1. Inside segment 147-187, counting only strands (runs of 3 or more DSSP E) that do not spill past its ends, which hold 2 or more residues that are open to solvent by less than 80 Å² (accessible area, probe 1.4 Å) and closer than 30 Å to ALA60 by Cβ?
2. What is the residue count in segment 56-73 for residues that are of a type in the set (A, V, I, L, M) and more than 17 Å from VAL176 (Cα to Cα)?
3. Condition first: touching a Phe, Trp or Tyr at 6+ places or on another chain (Cβ under 7 Å) and among the charged types (D, E, K, R). Can you find one or more residues in segment 252-266 that meet it?
4. Could you please let me know if VAL82 is outside any strand (DSSP E or B), over 17 Å from SER58 (Cα atoms) and either open to solvent by 70 Å² or more (accessible area, probe 1.4 Å) or touching a residue at least 24 places away in the same chain (Cβ under 8 Å) (or both)?
5. Would you be able to tell me the number of residues in segment 163-184 that are among the β-branched types (Val, Ile, Thr), over 30 Å from VAL208 (Cβ atoms) and touching a strand residue (DSSP E or B) at 6+ places or on another chain (Cβ under 7 Å)?
6. From the residues in segment 31-44 that are open to solvent by less than 80 Å² (accessible area, probe 1.4 Å) and not in a strand (DSSP E or B), which one is nearest to HIS149 (Cα to Cα)?
7. (1) part of a strand (DSSP E or B); (2) touching a Phe, Trp or Tyr at 6+ places or on another chain (Cβ under 7 Å); (3) under 30 Å from SER259 (Cα atoms); (4) not acidic (Asp, Glu): which one isn't true of ALA99, the others all being true?
8. Specify the residue that is most open to solvent (accessible area, probe 1.4 Å); the eligible residues are those in segment 103-146 that are out of contact with any helix residue (DSSP H, G or I) (no Cβ under 9 Å at 6 or more places or on another chain), among the basic types (Lys, Arg) and over 30 Å from VAL82 (Cα atoms).
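The values are calculated or read from the model by the stated rules, or taken from the named source; none is laboratory data. Computed from a predicted structure; not experimentally measured. Note that each Cβ is placed from the backbone with ideal geometry, even for glycine, and that neighbours are counted across all protein chains shown. Quick note on the areas: whole protein, heavy atoms, side chains included, nothing else; ligands and nucleic acids left out. Shrake-Rupley method; radii C 1.70, N 1.55, O 1.52, S 1.80 Å.
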Amino acid sequence: MKLRIILFALISFPFLWSCDKKEIPVFASDDAGIYFQRLTNAVYGSTTEYYGDSTDFSFAGANAYYRSHMLYAPVLTMGKVVDYDRPFKVVVDMEETTAVEGKDFEIELDSLVIKAGTSKAEVPVRIIRTETLLEKTLKIVLRLQENEHFKCYLETYKNTNLYTAKGEQISGVRYVFTFNEMYTQPNFWKNYAEKDYFGEWTAKKYQVVNQVCGLTPIDWQYANSYGYKMQSARLPFFARTVRIYLQEQADAGNPVTDSDGKYMQLAPNYEVDYSDYQ
């Protein structure tokens with residue numbers, strides 16, 4: 001008798017389950033969507049990912065010969081992958097953007113496409129290294145716009161694919177680049193290089209010294225440590241090298257000015273002669 005009851009229960013279970021089954025609504029549309037998404041972090045050993053809607057960049061520490069840098073805003077699509085190229089539209093938000101196109105950055109927005117057989121692309125932006133970046137951070141804001149190929153369904157979305165995480169809301173239609181070249185005075189400059197060699201520290205003078213002497217912020221950070229260029233014993237050589245450079249520029253009719261607009265000067269023992277301009 002017990003066996004019959006168990007068999008009856010097992011046979012009846014699928015019917016009971018079928019009575020409770022519900023249809024789950026899903027997104028179904030022939031329209032394709034498009035949105036910004038940068039992968040910021042992935043948890044090792046899992047499928048968990050975190051996303052962002054911005055990129056921050058600093059030229060600080062970059063070699064002096066780098067006059068520009070390419071940044072990219074990643075774009076993904078929703079919907080079917082197709083066998084033809086699909087243009088998408090991005091504009092620069094001029095109200096929020098503080099950088100000046102042609103001076104601080106370059107961008108080409110007329111040839112953006114999702115290539116046939118793919119579901120993603122990148123919007124390239126070339127940022128230009130200018131003296132403005134020594135004093136302040138500039139910003140470029142891009143916005144996706146709908147066209148005949150794509151709709152902007154994701155105004156905002158959670159910054160992770162982890163279902164159990166609350167996450168933060170990021171934008172699917174707005175991407176922000178911020179960039180600068182902000183420096184802080186190295187302790188070694190203040191304690192060893194200022195009085196007798198380079199004079200008062202300024203961001204622009206620091207940049208010139210690094211450029212002429214082939215130094216980096218890491219060399220300053222680990223000054224007097226083995227394997228790094230900045231050593232106390234080399235300060236006279238570096239100061240002479242910078243003075244020669246500044247004097248050559250002045251003699252050629254291209255005097256170098258400092259952050260305050262005055263001619264760049266070093267410590268008294270390494271002064272540059274600007275008498276032709278006084």
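1. Working: elements: 156-158, 169-171, 174-180.
Hits in segment 147-187: 169-171, 174-180.
2. So in segment 56-73, the residues of a type in the set (A, V, I, L, M) come out as 60, 62, 64, 70-71, 73.
Subsequent filtering for residues that are more than 17 Å from VAL176 (Cα to Cα) retains 60, 62, 64.
Residues in segment 56-73 being of a type in the set (A, V, I, L, M) and more than 17 Å from VAL176 (Cα to Cα): 3 in total.
3. No, segment 252-266 contains no residue that is touching a Phe, Trp or Tyr at 6+ places or on another chain (Cβ under 7 Å) and among the charged types (D, E, K, R).
4. Yes, satisfied.
5. Of all residues in segment 163-184, those among the β-branched types (Val, Ile, Thr) come to 164, 170, 173, 176, 178, 184.
Within this subset, residues satisfying the condition of being over 30 Å from VAL208 (Cβ atoms) are 164, 170, 173, 176.
Next, only the ones that are touching a strand residue (DSSP E or B) at 6+ places or on another chain (Cβ under 7 Å) stay: 170, 173, 176.
Residues that pass the stated criteria total 3.
6. ASP31
7. If we test ALA99 against (1) part of a strand (DSSP E or B); (2) touching a Phe, Trp or Tyr at 6+ places or on another chain (Cβ under 7 Å); (3) under 30 Å from SER259 (Cα atoms); (4) not acidic (Asp, Glu), just (1) comes out false.
8. LYS136
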